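Have a look at the structure below, then the notes.
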Amino acid sequence: MAQLTLDKESPMLSGHLGCPGCGAAIAMKFALQGLGEKTMVVLPASCWGVISGPYPQSSLKIPIMNMAFATAGAAASGLRAALEMTGRGDTTVLSWAGDGGTFDIGLQSLSGAVERNEDCIFVCYDNEAYMNTGVQRSSATPFGMRTTTTPGGRWKRTRKKNIVEILAAHRIPYAATASIGFAADMIAKFKKAAALKGGSRFIHVFASCPTGWRIPSEASVKVARLAVESNVFPLYEVEDGVRYTINHHGRRKVAEYLEGQGRFRHLSAQDIATIQAQVDAQWAFLRRRAQEET
Amino acid sequence: MKQVHEGSHAVSEAVRLARVQVISAYPITPQTHIVEALSDYCADGRLDARFLCVESEHSAMAAAIGASLGGVRAFTATSSHGLAYMHELLHWAAGSRLPIVMAEVNRALGPGWNIWTDQTDSLSQRDTGWIQLYCEDGQDALDTTLMAFGLAEMLNLPVMVVLDAFFLSHTYEPVDVPDQDSVDRLLPPFAPRFRLDCEHAFNFGQMVPPARYMEMRYNLQLAMQAAEAGFAQLAAKFEELFGRRPQAVEALACADAQIVLVTSGTVTSTCRQVVRDLRRNGEKVGLLKIGMFRPFPADSVRRHLSRAAKVAVVDRNFSFGAGGIFAQEVRAALCNRQGHAPVFSYVAGLGGRDITPRTLMEIYDQTRRTATPPDESIWIGLDAEQVKTWRN
Ligand SMILES: Cc1ncc(C[n+]2csc(CCOP(=O)(O)OP(=O)(O)O)c2C)c(N)n1
Ligand SMILES: [Mg+2]
């Protein structure tokens, strides 16, 4: 297996306020390894608003602009404009929102920003629920998951929204998925996104949440890997909204991924079969988009 | 140079002269003319600024906040529903201590849809930490906008420049448009006290525990408290440059007045005429124009009203369950003074209904004839038939 060495001097400092095993914290570390220190982060309300530390501390060495929940796209746009007007156009603007801040309340602002093709990297770190407020469902919550607002037998019966397709529909230069379970791939994608400077780039990062998913903290990366290996969360890129490339082909069963996650423990064999069928169909669909033989 | 401009364009001219660097805006009647003109200036190079066509007012203010924290002079404009939609971000802008300037055209809130003037939209944002300045005419709109940038940057507070729909925004008047050099002397290039900077990285707007939050709010209040003096200081410089002196509060014939009428916005112009006419007939009447509503210039208001026997506040706005909003503020300013004058609260002209000299005469007469206010607020010009029809 390839060895990956992370920079010792990371823009992310060693102390932060994430839970043990927090996938969102790992995600930031990898992202900044790809982007470097000439980066400014726009941070709407989310767990990351906590992870970044309370006044007067910061878990990042780079500037952070915390913002209201719905505003990541617009705030990043305003900052971008200011940087250009002050001769600092070479600085990367990284908009870093959770799934709630991307799929739900922040979708309009994000859509507006990418329709203008703002020169920013928009990231959704996806932990599949509103974690900061105590694990409520979002439209990124997958079929089958229990949350505090889809409790007991009322576990979520609707599917996860496909955010990459929504962004691709804006025909932005670059949209991709990445996972904290595939560090080298993820860092390479952030480097690629940085190199595609000039327009809107979107990266959907799968970031496990031990607290909300009810998995052991040390299982964070393993579960994220299994999501890719089972094609629940495929790794792929979309260039100019139309050219799809799949980066990894999973061979495992969905059951292996679901197993051991408290959030799915209630599912019957039939429910799991339903999910497997959904995943298979979506995987086939993705392969057709990527013009792979199916 | 004197030019003929509608009120909206008087604002646009000031924004151009202020060399704003980022503008974000979303259309809403009757604000659109302001940003349409600015969009033209950006397109033809008269203004070197980025113009962001955002997808909502919430985003317009969010983008202005991003730009301002990025270290540039930022401007937006809105009205009514747009302002209400921005509400969350108004707190964010003020709490972030960003000197954003916004033009806000007073328009009624629905339902029913009504695009005409009414101050309830801006006044219901009074607790957000924005300085609010109300304009009387086209010249006032231009001057106040220039003052707004100076004041905002002096105090690190956002400023709302407020103008009446149509009566001001769409009314053409001669306006003295100053030359660029003089404006540059009033408003040197924006030098932000703090900004997002990779060389000096800070975490802005982060979590703040109870042990630290209150002091931040208190500091915001200290800045607010300095606003009236700051305004006067800037106004003196303004007068040196342009020969006019903007005023936060203007008292006309208040010194010996028995009854003082208190107004804001375009009603003030009408009221000037009424006061002149009444004075000619020997009536001891005065006029107090309130230009600055936040911070409320309580000391000045107290001083100018200290000799009046009665005060009549004309409000083109209303706080349901309370009363006219300027009247509430005037009452609050006076209430701790022994033997202060009774304050009559008149509500008139909501949703763009005319306030004519006759309306103001009626208000004056009622005040003169009545010893003390008969009610918390008195609605002027209601049609009894319509009221009966809709009564529950
Ligand atoms: C307008 C508004 N509504 C609600 C909230 C409360 N809130 C803060 S963070 C959050 C959830 C964020 O979820 P997500 O974007 O998925 O990020 P996560 O916390 O899961 O990392 C919510 C609902 C808020 N801050 N602002
Ligand atoms: Mg989330």
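The values are calculated or read from the model by the stated rules, or taken from the named source; none is laboratory data. In this text, all values refer to a predicted model and were calculated from it rather than measured experimentally. Neighbour counts run over all protein chains shown; Cβ positions are idealised from the backbone, glycine included. SASA here: full protein model, heavy atoms, side chains in, ligands and nucleic acids out. Shrake-Rupley method; radii C 1.70, N 1.55, O 1.52, S 1.80 Å.
Taking the conditions exactly as written (in contact with a His (Cβ under 8 Å, 6 or more places away or on another chain) and either not in a strand (DSSP E or B) or not β-branched (Val, Ile, Thr) (or both)), does A:Val164 satisfy them or not? Please lay out each step first, then the result.
Values: in contact with a His (Cβ under 8 Å, 6 or more places away or on another chain): yes; either not in a strand (DSSP E or B) or not β-branched (Val, Ile, Thr) (or both): yes.
Against the criterion (in contact with a His (Cβ under 8 Å, 6 or more places away or on another chain) and either not in a strand (DSSP E or B) or not β-branched (Val, Ile, Thr) (or both)), A:Val164 qualifies.
Only one entry of A:Phe233, A:Phe264 meets the criterion of being open to solvent by less than 30 Å² (accessible area, probe 1.4 Å) and out of contact with any Lys or Arg (no Cβ under 8 Å at 6 or more places or on another chain), and that entry is A:Phe233. Among the residues of segment A:123-139, just one is more than 7 Å from ligand 2 (Cβ to nearest atom), of a type in the set (A, V, I, L, M, F, W, C) and part of a loop (DSSP other than H, G, I, E, B), namely A:Val135. One residue stands out among those in segment A:137-161 that are within 16 Å of ligand 1 (Cβ to nearest atom) and of a type in the set (Val, Ile, Thr): the one that is farthest from the other protein chains (Cβ to nearest Cβ), which is A:Thr150.
For a quick check of your reading: which helices (runs of 4 or more DSSP H) sit entirely within segment B:295-392 and have at least 3 residues that are basic (Lys, Arg) and surrounded by fewer than 21 Cβ atoms within 10 Å (Cβ to Cβ)? If you could, list the steps in order and put the result at the bottom.
Details: elements: B:298-305, B:325-334, B:357-369, B:384-390.
Of the helices (runs of 4 or more DSSP H) lying wholly inside segment B:295-392, those with at least 3 residues that are basic (Lys, Arg) and surrounded by fewer than 21 Cβ atoms within 10 Å (Cβ to Cβ) span B:357-369.
When restricted to residues that are part of a strand (DSSP E or B) and under 13 Å from A:Phe202 (Cβ atoms), segment A:94-121 contains 5.
Among the residues that make up segment A:39-46, is at least one of them open to solvent by 40 Å² or more (accessible area, probe 1.4 Å) and more than 16 Å from ligand 2 (Cβ to nearest atom)? Let's see the steps before the verdict.
Start the filter on segment A:39-46 by keeping residues that are open to solvent by 40 Å² or more (accessible area, probe 1.4 Å), which leaves A:45.
Among the residues that remain, those that are also more than 16 Å from ligand 2 (Cβ to nearest atom) are: none.
No, segment A:39-46 contains no residue that is open to solvent by 40 Å² or more (accessible area, probe 1.4 Å) and more than 16 Å from ligand 2 (Cβ to nearest atom).
Taking segment A:113-136 as the search range and keeping residues that are within 14 Å of chain B (Cβ to nearest Cβ) and buried (at least 24 other Cβ atoms within 10 Å of the Cβ), which one is farthest from ligand 1 (Cβ to nearest atom)? Among them, the one singled out is A:Glu118. Within segment A:81-108, the set of residues being within 8 Å of chain B (Cβ to nearest Cβ) and open to solvent by less than 10 Å² (accessible area, probe 1.4 Å) comprises A:Ala81, A:Ala82, A:Leu83, A:Thr91.
When you check B:Ala248 against the structure, is it touching a residue at least 24 places away in the same chain (Cβ under 8 Å), within 25 Å of B:Asp143 (Cβ to Cβ) and in contact with a Pro (Cβ under 7 Å, 6 or more places away or on another chain), yes or no? Steps first, answer last, please.
Numbers: touching a residue at least 24 places away in the same chain (Cβ under 8 Å): yes; within 25 Å of B:Asp143 (Cβ to Cβ): yes; in contact with a Pro (Cβ under 7 Å, 6 or more places away or on another chain): yes.
Judged against the criteria, B:Ala248 is a match.
Among the residues of segment B:180-218, just one is within 14 Å of chain A (Cβ to nearest Cβ), assigned to a helix (DSSP H, G or I) and open to solvent by less than 80 Å² (accessible area, probe 1.4 Å), namely B:Met216. Scanning segment B:101-157 for residues that are of a type in the set (Phe, Trp, Tyr) and touching a residue at least 40 places away in the same chain (Cβ under 8 Å) returns B:Trp116, B:Trp130, B:Tyr134, B:Phe149.
Sort out which residues of segment A:47-59 are at the interface with chain B (Cβ under 7 Å from one of its Cβ atoms) and either under 27 Å from B:Val54 (Cα atoms) or open to solvent by 10 Å² or more (accessible area, probe 1.4 Å) (or both), and write them in order of number. Listed by number, the residues that qualify are A:Gly49, A:Val50, A:Pro54, A:Tyr55, A:Ser58.
The single condition among (1) open to solvent by 20 Å² or more (accessible area, probe 1.4 Å); (2) under 30 Å from A:Val135 (Cα atoms) that A:Arg287 does not meet is (2). Per the conditions (1) within 15 Å of ligand 2 (Cβ to nearest atom); (2) surrounded by 24 or more Cβ atoms within 10 Å (Cβ to Cβ), the sole criterion not satisfied by A:Ala74 is (1). Scanning segment B:17-27 for residues that are surrounded by 24 or more Cβ atoms within 10 Å (Cβ to Cβ) and not aliphatic (A, V, I, L, M) yields B:Gln21, B:Ser24, B:Tyr26. Just one of the listed residues (A:Ala178, A:Ala183, A:Ala169, A:Ala140) is in contact with a Phe, Trp or Tyr (Cβ under 8 Å, 6 or more places away or on another chain), in contact (Cβ under 8 Å) with a residue 24 or more places away in the chain and open to solvent by 10 Å² or more (accessible area, probe 1.4 Å), and it is A:Ala183.
Matching residues to (1) of a type in the set (Lys, Arg); (2) out of contact with any Pro (no Cβ under 7 Å at 6 or more places or on another chain):
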residue	(1), (2)
A:Ile203	no, yes
A:Thr211	no, yes
A:Ser217	no, no
A:Lys222	yes, yes
A:Ala227	no, yes
A:Val238	no, yes
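Look at B:Val343 and say whether it is touching a residue at least 24 places away in the same chain (Cβ under 8 Å), more than 21 Å from the chain's Cα centre (by Cα) and outside the structural domain of B:Leu123 (by TED's automatic domain parsing).
Working: touching a residue at least 24 places away in the same chain (Cβ under 8 Å): yes; more than 21 Å from the chain's Cα centre (by Cα): yes; outside the structural domain of B:Leu123 (by TED's automatic domain parsing): yes.
In short, yes.
What are the residues in segment A:62-79 that are within 17 Å of A:Ala27 (Cβ to Cβ) and either facing chain B (nearest Cβ under 7 Å) or polar (S, T, N, Q) (or both), if any?
To start, the set of residues in segment A:62-79 that are within 17 Å of A:Ala27 (Cβ to Cβ) comprises A:62, A:64, A:72.
If the condition is that a residue be within 17 Å of A:Ala27 (Cβ to Cβ) and either facing chain B (nearest Cβ under 7 Å) or polar (S, T, N, Q) (or both), then A:Ile62, A:Ile64 are the ones that fit.
For segment B:50-73, taking the residues that are more than 7 Å from chain A (Cβ to nearest Cβ) and buried (at least 24 other Cβ atoms within 10 Å of the Cβ), the one that is nearest to B:Asp121 (Cα to Cα) is identified as B:Glu57. All conditions in (1) open to solvent by 10 Å² or more (accessible area, probe 1.4 Å); (2) over 18 Å from A:Met67 (Cα atoms); (3) over 12 Å from the mean Cα position of the chain (by Cα) hold for B:Glu88, with the sole exception of (2).
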